[in-house]
1. Quick check on my filter: what residues within region 720-746 are open to solvent by 60 Å² or more (accessible area, probe 1.4 Å) and either part of a loop (DSSP other than H, G, I, E, B) or among the polar types (S, T, N, Q) (or both)?
2. Look through region 408-427, keep the residues that are open to solvent by 10 Å² or more (accessible area, probe 1.4 Å) and touching a Lys or Arg at 6+ places or on another chain (Cβ under 9 Å), and return whichever of them is modelled with the lowest pLDDT.
3. Select from region 370-390 the residues that are touching a strand residue (DSSP E or B) at 6+ places or on another chain (Cβ under 6 Å) and part of a loop (DSSP other than H, G, I, E, B) and write down the one among them that is surrounded by the most Cβ atoms within 10 Å (Cβ to Cβ).
4. Please verify whether D367 is open to solvent by less than 20 Å² (accessible area, probe 1.4 Å) and touching a residue at least 12 places away in the same chain (Cβ under 8 Å), treating the condition exactly as stated.
5. If I ask for residues that are modelled with pLDDT under 90 and open to solvent by 40 Å² or more (accessible area, probe 1.4 Å), which ones from region 218-234 would you list?
6. Output the number of residues of region 343-389 satisfying the condition of being under 22 Å from L722 (Cα atoms) and of a type in the set (S, T, Y).
7. Test D266 against the stated conditions and say whether it is open to solvent by less than 20 Å² (accessible area, probe 1.4 Å), charged (D, E, K, R) and farther than 20 Å from A426 by Cβ.
8. Of the residues G271, G355, only one is on the phi > 0 side of the Ramachandran plot and open to solvent by 30 Å² or more (accessible area, probe 1.4 Å); which?
Amino acid sequence: MNRERNPLGFRLVTAFIAGFVGLTLEIAYTRVISFKLFYYYTYFVIGLALLGLGAASAVTSLSPRLRSMSTMRLVQWIAPPSAIAGLVGYAVVARMPTRTGLIWTGTGTVPLGQLLRLIVLSVSLTAVFFGVGLLLATLIVAEVRHVRRLYFWDLTGAALGCLVAVPLQATVGPPTMILGSIVVFGALGAVPTVLERTGRAPSEAKPDRDGSRTRTRDLATLGTVVVVVLGAVLAGQLKIRTDDSKTIRDTDPIEAGGWGPVFRVDAVPFGDVYLVSHDGLLGSSVYRYDGTRATTARFDIDARQIPFAALSGEGPRVLIIGAAGGNEVMASLTYGASQVDAVELNPVTVDMLNGPLAEFSGNFVDDPRVNYVQGDGRTFLARSDEKYDIVWFVAPDSYAASNSATSGAFVLSESYLYTQEMIEEAYDHLSERGLVVAQFGDVQLDNRSTRTARYLVTARAALDGRSQGPFGEHVGLVTEGGFGPFGSISTIMLSRPSLDAAAAERVEAGLGSIDKAEAQYLPGAVRKEGTLSDLIDGSDEQVDDIVDGYPYEISAINDTRPFFWHFTSFGTVVSDWDLADRGDPEIAVGERLLIVLLLIAVSIAAILLFVPFLLTRRRNTPGLSTRLPGRAQFFVYFTALGLGFMLIEISMIQRFALLLGFPTLSLSVSLFTLLIATAVGARVSGVLTRLGRAALPAVTATLIVLTVAYILAADPITDAALSWPQSARMLLVVIMLFPVGLLLGVFLPAGMDAVVAATESAGTDRDRSVAWCWAVNGFFSVVGASLTTVVSMEFGFNVALIAGLVLYAVAAGIGQSPRSASPSLTRMPVRSTALR
């Protein structure tokens with residue numbers, strides 16, 4: 001006997017699972033793509049996920065059969081096959097050979113071939129998101145009158161995915177997260193069969209009179225689920241093949257490391273050293289060490305001796321930010337440091353040095369003079385009252401050059417290590433004889449420096465009013481060449497006291513033992529003619545002229561625009577696409593990629609989301625028109641929501657990376673808060689309908705006031721809270737973001753209410769119109785994912801936030817139009833606009 005049950009409950013559970021699967025897949029894929037390709041491809045994953053969801057909305061709008069199918073049957077038909085497509089997509093992503101750099105530098109047909117590989121990889125990755133999107137779109141159409149409850153459970157599932165993202169990455173790893181999420185989605189297809197067999201199916205599931213056909217269908221569904229489980233087990237055996245330009249190979253004998261929330265770490269033995277790769281690129285080394293000169297003689301011909309030569313006195317106290325494999329720790333001990341505080345962001349590296357490589361590295365982390373800790377350097381300094389003789393920012397050389405050169409959806413935490421505020425913080429922690437030391441690999445140091453030049457300009461701004469006397473009296477610059485494609489390494493020293501003749505003499509003596517090393521600038525002793533020296537001792541007017549006329553962007557950076565590696569403006573990239581100088585591998589690669597991916601997103605989204613509507617505009621549902629009254633207004637409304645939410649969401653995630661310590665945690669905590677807050681806002685927004693047409697303007701005004709207050713208070717709050725424990729900082733982020741998310745949750749359901757009212761009053765096909773509006777929102781979410789990064793990199797986070805507010809104000813204005821049905825309040829929470 002079939003019990004009469006309301007199908008809404010099953011639909012809400014389905015929305016919850018779809019939200020959870022979509023978010024965990026998305027976050028896990030950002031890490032896998034970062035490892036396989038490069039960090040700046042991570043936001044591409046977000047765009048593709050949203051594109052899959054949006055394209056599914058278009059298909060739903062065009063298919064009356066999909067819109068009329070019961071949720072039970074839809075889940076059975078969509079979830080297992082989509083899971084199989086997801087497994088195939090994962091296999092393609094894991095094993096497809098690529099060399100994406102040839103898209104920009106190749107000749108003949110090579111660039112096109114690599115671009116096609118990237119497109120194939122992208123489509124493969126999108127397939128499973130398309131399946132998730134089909135379920136969500138049909139649920140929205142079926143339950144548009146209960147859209148608040150549906151969004152609540154969808155976003156709650158997504159929020160749970162955010163909450164578990166960091167722990168899962170640190171334990172099972174992103175590949176297992178992907179495969180596990182695919183299995184969960186596939187297993188969802190078996191739920192209707194179980195419900196029917198136990199007599200708990202909702203009333204929408206009509207009994208099939210043909211029992212043999214029902215059994216065949218159920219067996220096929222269960223068989224597909226079994227295939228998904230077995231396929232996931234087999235796919236778990238696949239090693240991820242990295243881009244051919246990366247230094248790690250799937251055949252390398254990896255003896256230590258693993259997945260972490262910052263990047264993947266792999267240690268490969270190479271004689272008396274382990275080469276350590278960060279997300280597949282050589283980033284550090286762990287040397288054999290026993291504390292004797294036999295294992296530290298390399299420092300005699302290494303530029304790491306220079307800061308100790310410049311420093312007067314004995315037994316320096318050293319702080320190393322970015323300690324990695326401990327090479328600088330060993331150098332500090334070699335040159336007589338009395339105390340070394342070493343801070344490393346990635347917990348995998350810390351565990352590696354305390355575990356499998358502890359004996360090899362001489363257990364230096366247990367040396368009583370060494371305090372090797374896992375954490376963020378900025379936070380460590382904020383919590384410390386210590387004064388140091390050397391604050392040493394270790395060069396992430398190849399990692400920075402090849403992997404962090406440009407920014408993706410989320411700014412790297414390391415970018416905050418080079419802002420004006422960070423230099424000020426480090427300088428304030430110096431002893432009376434102290435030095436801030438920063439090292440950079442610079443490909444074109446001799447003629448058109450990028451990193452060294454930008455750091456010097458930023459340091460001038462930071463030390464203005466802090467140093468006694470002209471900036472040039474407190475700066476030393478030495479370089480070491482001979483690093484092939486990475487050019488030279490520069491060592492910049494910012495001294496609290498003036499660098500005197502004795503310090504210059506000691507530095508020059510040390511340089512004599514280092515091959516291809518020379519002093520570029522030492523106050524009163526050495527001044528090599530060129531731009532770098534002009535940036536050090538030139539007047540403020542001269543420096544401004546150099547910055548304005550420089551071929552690259554080298555202006556000072558701060559915490560509101562911390563894109564240290566953004567050296568080419570987007571205007572320059574568009575006007576000079578080929579960029580005559582390809583000598584530096586980091587120049588404009590990320591910027592060009594952003595523009596290309598933005599164009600790809602627009603093109604594919606236009607094809608998948610709009611062309612089908614044009615081709616089928618005369619295909620009417622019997623008795624209903626396809627023409628939505630006020631279509632242009634609804635288009636602008638849902639466009640504003642799609643773009644506006646991404647501008648606000650991504651900007652806040654990037655901004656909170658500083659407060660929380662690293663981007664993945666910021667993504668997890670910030671997005672979790674926005675998701676759950678938007679879900680609550682969507683769920684309770686119906687009570688605002690009593691305000692009538694004044695509701696959206698009131699919500700918008702409150703949102704503007706809150707966000708402006710956030711912009712004004714963000715810096716002082718961050719400065720005060722950086723010294724707090726991590727749990728307290730996480731709670732602060734939740735408190736700051738929750739009201740914003742609550743208000744954002746009001747807008748999309750308001751629009752959906754208006755769509756329903758407009759279609760019913762005009763006799764228009766409601767389901768088609770609802771799916772069309774969802775598709776518009778999804779399309780501009782895809783565009784917004786890339787566009788937000790462009791705006792943030794070019795103008796800063798605050799400008800991006802303000803742009804988002806303007807778009808929400810536009811949406812509120814549209815809601816007041818005489819042709820619009822009165823909105824009932826509820827914006828489509830994050831699930832469909834950001835990472836949904």
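1. Result: W724, P725, Q726, S727.
2. Restricting to residues being open to solvent by 10 Å² or more (accessible area, probe 1.4 Å) and touching a Lys or Arg at 6+ places or on another chain (Cβ under 9 Å), the top hit is L417.
3. Going through the qualifying residues, I end up with G375.
4. no
5. Those that are modelled with pLDDT under 90 and open to solvent by 40 Å² or more (accessible area, probe 1.4 Å): L219, A220, L222.
6. Within region 343-389, residues that are under 22 Å from L722 (Cα atoms) and of a type in the set (S, T, Y) number 4.
7. Yes: the conditions hold for D266.
8. Selected residue: G271, the only one of G271, G355 that is on the phi > 0 side of the Ramachandran plot and open to solvent by 30 Å² or more (accessible area, probe 1.4 Å).
The values are calculated or read from the model by the stated rules, or taken from the named source; none is laboratory data. Just so we're clear, the structure is a prediction, and the values are computed from it rather than from any experiment. In this analysis, Cβ positions are derived from the backbone assuming ideal geometry, glycine residues included, and neighbour counts consider all displayed protein chains. Each accessible area value is taken on the protein alone, full model and side chains, heavy atoms only, with ligands, DNA and RNA left out. Shrake-Rupley method; radii C 1.70, N 1.55, O 1.52, S 1.80 Å.
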